[in-house]
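What follows is a short report on a single structure.
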Ligand SMILES: [Zn+2]
């Protein structure tokens, strides 16, 4: 246990807490900037098991803040969950890691919730967070909301049945704010949110519930502002997610839409009912443009677009915001 000696010297964790950490299983939704930072912190802290979910692959614009990835990951177009798993294994080979390259929605996540002690929100959008809010209320799993944009960030710890849920806080949170693709982001804002998320996570893992922060935290590093807002009284009996008669509205609506524009990214995602045969597809695409392929995806440069086909049937069409345009290119190439 030499490896964790400094952490065990920290009284609120100690030997007992360290043992608990190594017995726990955490689910991290999203392997971008927040996901990288939280996953690295928890792997170094000696978490027993980690489940990673991300639908994307590593690109140049990620390297400035997504700390687990390298230039080689970009060049080889490695899916983030896969690249993260490999890097985390180098950091701490004792951690058992599962990686899933897929969309995080109510249907794909449900089977992954078994035995999960903690969920880290490392997503980049509020649709997914409200889905998580309902899913985790229903499953009674604690989770830690985190978001950042520019030099600002927010974090909040949700203990089902006790804390007001994310929906209860709706009025306090700017849901339709800028995203990091439209307003940019500095890596220190990510680190600050992740520092709070990991710390709250450790408190949950060592079962020190009394130490949890019950307020909504927000900050702006560039403008030197740091804020905590008391929210205990925000819990609503009538809340459809955490109230007396929950209807879990974000689980009911059709979340597996077939096609969607990825906000701020000039990219459309199309979902086929079944994944194409990769060998046939690869041959076909080679006649269309420059092709790159690995065990997880095939990409092709075609005119001013880049199409990336994943094994779960999803395709990303970079270079357009129009679903119609994306579909026509997709059918031209994939047949
Ligand atoms: Zn609520």
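The numbers here are math on the coordinates, done by the rules we state, and not lab data. Since the model is a prediction, treat every value here as computed from it, not as a measurement. Backbone-built Cβ (ideal geometry, glycine too); neighbour counts: all protein chains shown.
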Cα gyration tensor category, rounded, prolate or oblate, for segment 268-310 with a/c compared to 1.5: oblate
Candidates 132, 281, 34, ranked by Gaussian network fluctuation over the chain, Cα under 10 Å, top entry: 281
Fewest-first sequence of 227, 89, 318 by Cβ atoms within 10 Å of each Cβ: 227, 89, 318
Ranked 168, 242, criterion: other C-beta atoms within 10 Å, fewest first: 168, 242
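Considering Cα pairs under 8 angstrom that are at least six residues apart, work out the relative contact order of the chain and quote it in whole percent.
14 percent
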Of 32, 289, 17, the one that fluctuates the most in a GNM where the chain has Cα springs shorter than 10 Å: 289
Structure-based [θ]222 nm, the chain - -39500 (n - 2.57) summed over DSSP H runs of at least 4, per residue, nearest 500: -9500 deg cm²/dmol
Extension gain from residue 94 to residue 275, taking 0.36 nm per residue of separation minus the Cα-Cα distance: 61.8 nm
17 Å reach of a label modelled at residue 6, 7 Å along Cα-to-Cβ, counting backbone N of segment 72-99: 91-92
Exposure proxy ranking, count of Cβ atoms within 10 Å, fewest first, for 148, 239, 165, 31: 239, 148, 165, 31
Efficiency of FRET from Cβ geometry, residue 252 and residue 44, R₀ 51 Å, rounded to 0.05: 0.85
Shape category assigned to segment 1-117 from the gyration tensor of Cα positions, a/c cut at 1.5: oblate
Share antiparallel - DSSP beta bridges, segment 1-125, percent rounded to 5: 5 percent
Potential lengthening between residue 71 and residue 238 on full extension [0.36 nm per residue; Cα-Cα distance subtracted]: 55.2 nm
Contour minus Cα-Cα distance for residue 225 and residue 213 (0.36 nm per residue): 2.5 nm
Packing-based order for 271-277, 92-98, using average beta carbon neighbours within 10 Å, highest first: 92-98, 271-277
